Amino acid sequence: MTELRKTEQEERLDYLVEAFKADSDQYKELQTPHDASGKRKLLRSLMNIRMPGEMPDHVLEVQDAYLTERNAEKGVVRPEDIPEIRDRMSIWQGDITTLAVDAIVNAANSRTAFILLQESSSGRSAAVR
């Protein structure tokens, strides 16, 4: 990542943390960590607990740019990158947030986990249960 992009990402992160804190009566006075890792954890927490509702367009634009860059940093796994083990079946273990797929169904019960991988351009699909 270039120094310029890193600075832009840090500014986005700071802006989003403050925007999501301000959006919450309960957490608006919460102290913001000084380190990037702590800020990312706080932002993720604030986004996860936020109830559905309107957000200013500018916040959504910054959030989209921030999350797009975070995805680029983490990398993307495409179905064609996952080797087939037999008859168009693949098994993969990793961070599901990096998968470029149409749908993921992940049951809370470890006995019933199902992930559908589908790449429409190649027509390849796989299911793991």
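Coordinate-derived values only; no laboratory data. Fair warning: this is a prediction, and the values are worked out from it, not measured in the lab.
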### Summary
Listed by chain and number, the residues whose amide H is under 5 Å from that of Ser90, excluding neighbours fewer than 5 places away on the same chain and using placed H, are Ile85, Ala127
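Just the C-alpha atoms of the stretch 46-94: what Rg/Rh do they give, with Rh taken as the Kirkwood radius?
Looking at the stretch 46-94, the ratio lands at 1.21.
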### Query
Rg and Dmax of the stretch 3-74, Cα atoms, in Å?
11.9, 35
